[in-house]
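Working notes, structure below.
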Amino acid sequence: MNARMQTRNIVIAKRRTTVRLEEAVWDALDEICLKEEISRHDLCTKIDQQRGRANRAQAVRSTVINYFRLLAGSGKTANLIPQALQGISKQTF
């Protein structure tokens, strides 16, 4: 796993912003987007809407981890984003 940080531009709710994440997290986010047939911008908008007090990077990391934990435990291959988003606004960072 590559821990090198990368800053990328994303559009959240029609506003451009930057997010700094590890390369592996960006790769995992892109994999989720492929599986779920959603753009990175749309997924980040959904995450942002649920993040509560967590910062964006923390919310993205949490969603990626939740998604792959659900994928590993459920055997499902799609439509896991709503479950992965649950609880990120309640987590304390």
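Annotation note: Cβ proximity below 7 Å between a residue of the range 34-52 that is among the β-branched types (Val, Ile, Thr) and a residue that is in a helix (DSSP H, G or I) and open to solvent by less than 80 Å² (accessible area, probe 1.4 Å) (sequence gap 6+ or interchain) occurs for ILE47/ALA59; ILE47/VAL60; ILE47/THR63; ILE47/LEU85.
Taking first residues from the range 6-25 that are in contact (Cβ under 8 Å) with a residue 12 or more places away in the chain and hydroxyl-bearing (Ser, Thr, Tyr) and partners that are open to solvent by less than 60 Å² (accessible area, probe 1.4 Å) and part of a strand (DSSP E or B), the Cβ contacts under 7 Å between residues at least 6 apart in sequence or on separate chains come to THR17/ILE10.
Of everything in the range 20-48, what is over 11 Å from the mean Cα position of the chain (by Cα) and of a type in the set (Val, Ile, Thr)? Give them in sequence order. Steps first, please.
First pass over the range 20-48, keeping only residues over 11 Å from the mean Cα position of the chain (by Cα): 20, 22-24, 34-39.
ILE38, the sole residue that qualifies.
Taking every residue in the range 56-69 that is in contact (Cβ under 8 Å) with a residue 12 or more places away in the chain and pairing it with any residue that is hydroxyl-bearing (Ser, Thr, Tyr) and open to solvent by less than 60 Å² (accessible area, probe 1.4 Å), at least 6 positions away or on another chain, the pairs with Cβ-Cβ distances below 8 Å are ARG56/THR17.
The values are calculated or read from the model by the stated rules, or taken from the named source; none is laboratory data. These figures come from a predicted structure and were not determined experimentally. Don't worry about glycine lacking a Cβ; one is built from the backbone with ideal geometry, like all the others, and counts go over all protein chains shown. SASA here: full protein model, heavy atoms, side chains in, ligands and nucleic acids out. Shrake-Rupley method; radii C 1.70, N 1.55, O 1.52, S 1.80 Å.
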